[in-house]
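Have a look at the structure below, then the notes.
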Amino acid sequence: FIGDGGVALYPAREGFGEVEPHTEIAGERVETLERLMRSDVHILLTTSRAVMERSHVPRALVGARLELRKGDVRRPEDLAAHLERIGFSRVQMVDDVAQFSVRGGIVDVYGFGMTDPVRMEFWGDGIGDLRHFDLLSQRSVREAEMALILPVEAVASSEEGVERRSLVELWPPHTLLVLPGERH
């Protein structure tokens with residue numbers, strides 16, 4: 001009906017408070033919020049409860065998301081510190097979402113919204129090579145144009161002094177809301 005893409009799911013939190021205990025749910029929420037803020041969603045599937053929830057994440061996404069490309073200048077130590085600050089776990093070898101590893105001049109990152117994790121090979125303070133790799137074999141599978149790294153919701157939500165916003169506040173003015181009749 002609307003072509004490729006344009007449809008997104010925004011699930012309600014599975015836990016209480018700002019911290020989402022399930023990585024899959026947190027990831028889906030962060031990915032959808034980022035797409036909403038880019039106006040890349042035409043149809044949003046969600047629940048009444050999710051619409052009413054207020055979160056720090058929309059504001060946190062602005063300052064915490066990273067777009068990394070081959071040739072960018074960034075110190076690996078600064079990148080690692082930023083990834084830890086936005087909720088990624090530092091591990092020896094990446095095997096799950098929201099993890100990163102540093103081995104000399106190589107930084108592996110697996111963030112929300114990535115079909116495959118990305119490997120950055122640094123030459124000095126510059127990203128000399130950027131490619132996706134297979135989790136099981138740890139071998140490169142294809143070149144990457146760009147790596148979009150989104151924050152983990154739990155960390156983005158814990159920032160103090162950041163306004164909490166609801167999903168409704170992110171909708172464009174011409175949004176049409178459809179509620180199924182007599183159903184919850």
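Below are the figures for this structure:
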item: Matching residues, region 24-51, being open to solvent by 30 Å² or more (accessible area, probe 1.4 Å), more than 13 Å from residue 166 (Cα to Cα), part of a helix (DSSP H, G or I) and of a type in the set (A, V, I, L, M); result: 25
item: Verdict on residue 177 being more than 17 Å from residue 68 (Cβ to Cβ) and either at pLDDT below 90 or open to solvent by less than 30 Å² (accessible area, probe 1.4 Å) (or both); result: yes
item: Criterion: open to solvent by less than 30 Å² (accessible area, probe 1.4 Å), under 24 Å from residue 29 (Cα atoms) and in contact (Cβ under 8 Å) with a residue 12 or more places away in the chain - qualifying residue of 112, 122; result: 112
item: Residue 90 in contact with a strand residue (DSSP E or B) (Cβ under 7 Å, 6 or more places away or on another chain) and surrounded by fewer than 15 Cβ atoms within 10 Å (Cβ to Cβ); result: yes
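Rundown of residues vs (1) open to solvent by 50 Å² or more (accessible area, probe 1.4 Å); (2) modelled with pLDDT of 80 or more, yes/no style:
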position	(1), (2)
126	no, yes
130	no, yes
136	yes, yes
139	yes, yes
144	no, yes
149	no, yes
155	no, no
158	yes, no
161	yes, no
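The values are calculated or read from the model by the stated rules, or taken from the named source; none is laboratory data. Predicted, not measured: the structure shown is a model, and the values here were computed from it. Don't worry about glycine lacking a Cβ; one is built from the backbone with ideal geometry, like all the others, and counts go over all protein chains shown. Ligands, DNA and RNA are stripped out before the accessible areas are found, and what is left, the full protein with its side chains, is counted by its heavy atoms. Shrake-Rupley method; radii C 1.70, N 1.55, O 1.52, S 1.80 Å.
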